[in-house]
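The values are calculated or read from the model by the stated rules, or taken from the named source; none is laboratory data. Here the structure is a predicted model, which means the values were calculated and not measured. Counting neighbours? That spans all protein chains shown, and the Cβs are built from the backbone with ideal geometry, glycine included.
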Amino acid sequence: MDHSLRSPSFRTKGSIEQCNFAPHCGTGIQERVGALTMTNDILEEEQISSAKLIVAELNARLRPLDRGEIYEDPLEEFLAARGIGGVTGGGTLQAANGEVQRSDIDINLPDVTEQILGEISRYLESLGAPKGSFLILDDGTKTPFGVNEGLAVYLNGTDLPASVYEQSDVNVVWTEFEKLLAGHGGIQSYWEGPKETALYLYGPSYDTMVSRIRPFMDVYPLCQKARLEKIA
């Protein structure tokens, strides 16, 4: 995608910081990029483990910077306030084209009980964790959590007239989406690909998010030939 045809930056959630489409903005903690190992074991109710390290695997497509701002930093404060551990790192699972598929957070705990796992999962849900997320223990057992559904909007970056890219602004799309989704969801992150730019929207209902942004997409030139995908 030719960056010169469009706005050179996105605003991150809750911040006016500009990040010039850098795909791996650091968060100041240990970062892993690659495949994430998962198992099919489900944590039974009332089960208690002696494991000290757990992974919160989020079914969310997030740049490391956004993962830190939306989930890691608040979770670190939550754990510290209760004296039950801390965040030690994080990582991403990427597709072959570099698009993030899932995000994880490494959590070190003095003890792992169902009560603590419940507190962590509920707090992450309060931050907007999508359905299909898991807390994974070091022995591979996992317990599901998540409340939101996910919608990816892929803006076409190659097939529209040059005048559309010259006269349109991707930040207008971002701002309008946030207005239209108020009380029904919001944008958590984005991805700049070779032919598309993706905006990742999360909220209680995929269908509701689509219905609220569709009228704007139908008339704004930069949204022509965009594609939608349910991601959570």
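Please specify each residue of region 54-77 satisfying the condition of being in a helix (DSSP H, G or I) and either over 22 Å from residue 203 (Cβ atoms) or of a type in the set (Gly, Ala, Ser) (or both). Listed by number, the residues that qualify are 64, 68, 76, 77.
Of 201, 135, all but one fail to be part of a strand (DSSP E or B), touching a helix residue (DSSP H, G or I) at 6+ places or on another chain (Cβ under 6 Å) and assigned by TED's automatic domain parsing to the domain that holds residue 95; the exception is 135.
Scanning region 84-107 for residues that are outside any strand (DSSP E or B) and either closer than 21 Å to residue 138 by Cβ or acidic (Asp, Glu) (or both) gives 84, 85, 99.
Considering region 149-198, the residues that are of a type in the set (Gly, Ala, Ser) and in a loop (DSSP other than H, G, I, E, B) include one that is nearest to residue 128 (Cα to Cα), namely 185. When we screen 175, 141, 158 for residues that are assigned by TED's automatic domain parsing to the domain that holds residue 194 and either within 24 Å of residue 205 (Cα to Cα) or surrounded by 14 or more Cβ atoms within 10 Å (Cβ to Cβ) (or both), the only hit is 175. Would you check if residue 132 is of a type in the set (Gly, Ala, Ser), surrounded by fewer than 21 Cβ atoms within 10 Å (Cβ to Cβ), on the phi > 0 side of the Ramachandran plot and under 18 Å from the mean Cα position of the chain (by Cα)? Yes; evaluated as a whole, the condition is true for this residue. Put simply, of 181, 201 the only residue that is free of Cβ contacts under 8 Å to residues at least 60 places away in the same chain and in contact with a Phe, Trp or Tyr (Cβ under 7 Å, 6 or more places away or on another chain) is 201. When you check residue 53 against the structure, is it more than 19 Å from the chain's Cα centre (by Cα), surrounded by 16 or more Cβ atoms within 10 Å (Cβ to Cβ) and modelled with pLDDT under 95, yes or no? Here the answer is no, as residue 53 does not meet what is asked. When you check residue 230 against the structure, is it exposed (fewer than 13 other Cβ atoms within 10 Å of the Cβ) and either outside the structural domain of residue 66 (by TED's automatic domain parsing) or of a type in the set (Lys, Arg) (or both), yes or no? Against the criterion (exposed (fewer than 13 other Cβ atoms within 10 Å of the Cβ) and either outside the structural domain of residue 66 (by TED's automatic domain parsing) or of a type in the set (Lys, Arg) (or both)), residue 230 qualifies. Screening residue 106 against (1) surrounded by fewer than 18 Cβ atoms within 10 Å (Cβ to Cβ); (2) assigned by TED's automatic domain parsing to the domain that holds residue 77 leaves a single unmet condition, (1).
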